[in-house]
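See structure below.
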Amino acid sequence: MTLEDINRVQLEIVDTEILDDGMRYQIKLLNGSNYTIKQNIVHFTYPIKLDNGISDNTYKVEATNNKLNIQPGEELLLNVFTPFEGMAEKDILALDQPIVSIVGYLKQVDEESKFSNSRSILLVQQ
């Protein structure tokens, strides 16, 4: 397993919906590597705005509709719901720059096969 294999595991927000009680996102997980993703967890978070940038937010939401043994070339659509209730002050969160991250295992479940990747996604307001 190489860094190139890890970078071929891609996450992309493909749909966003504003609801009365929160936000719904659909995330595409593409296993573009040559290995089976044996296990994984995908998290979604809004970073915290600072005067000079952004900071990590420990409040994360786990994506649903995930599964084990995602084959090479397989796509999976995951769902995330972020409720407005309990959310920090919206003006301190970078709602237009969510971070999507994955932690998982390629090929087999052991420490040598563990990988992680995250990306900040700039959402274009319509």
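Summary table below
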{"item": "Inter-label distance, nm, simple model (7 Å from Cα along the C-beta direction), Thr58/Asp91", "result": "2.5"}
{"item": "Long pairs among Lys67/Lys107; Lys67/Lys90; Lys49/Lys114; Lys90/Lys114, criterion Cα-Cα beyond 26 Å", "result": "Lys67/Lys90; Lys49/Lys114; Lys90/Lys114"}
{"item": "In region 16-97, the GluC sites (Glu not before Pro) that fall in loop regions by DSSP, at most 12 other Cβ within 10 Å", "result": "Glu85, Glu89"}
{"item": "Using a Förster distance of 22 Å, the FRET efficiency for Glu111-Glu75 (Cβ separation, nearest 0.05)", "result": "0.20"}
{"item": "Most fluctuating residue given options Ser116, Ser101, Ser55, as computed from a GNM of the chain linking Cα atoms under 10 Å", "result": "Ser55"}
{"item": "Leading residue at positive end of dipole, the chain (Cβ point charges), from Ile6, Ala94, Asn66", "result": "Ile6"}
{"item": "Loop trypsin sites (Lys or Arg not before Pro), region 12-45, which have at most 10 other Cβ atoms in a 10 Å radius of their Cβ (DSSP)", "result": "none"}
{"item": "Residue among Gly32, Asn79, Ser120 farthest towards the positive dipole end of region 3-120, charges placed on Cβ", "result": "Gly32"}
{"item": "Hydrodynamic radius (Kirkwood) for region 3-120, which is based on Cα pairs only, to one decimal in Å", "result": "15.0"}
{"item": "Largest to smallest principal axis extent of the C-alpha atoms in region 47-90, angstrom", "result": "42, 26, 14"}
{"item": "Taking Thr58, Thr82, Thr16, Thr64 and counting other C-beta atoms within 10 Å, the order from fewest to most", "result": "Thr58, Thr64, Thr16, Thr82"}
{"item": "Helix-derived mean residue ellipticity, 222 nm - over the chain, DSSP H n ≥ 4, -39500 (n - 2.57), to 500", "result": "-1000 deg cm²/dmol"}
{"item": "Cβ-Cβ FRET estimate between Thr16 and Thr36, R0 fixed at 30 Å, reported to 0.05", "result": "0.50"}
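Where a number appears in this text, it was derived from the coordinates with a stated rule and is not lab data. Not measured: the values here are computed from a predicted model. Glycine also receives a Cβ, built like all others from the backbone with ideal geometry; neighbour counts cover every protein chain displayed.
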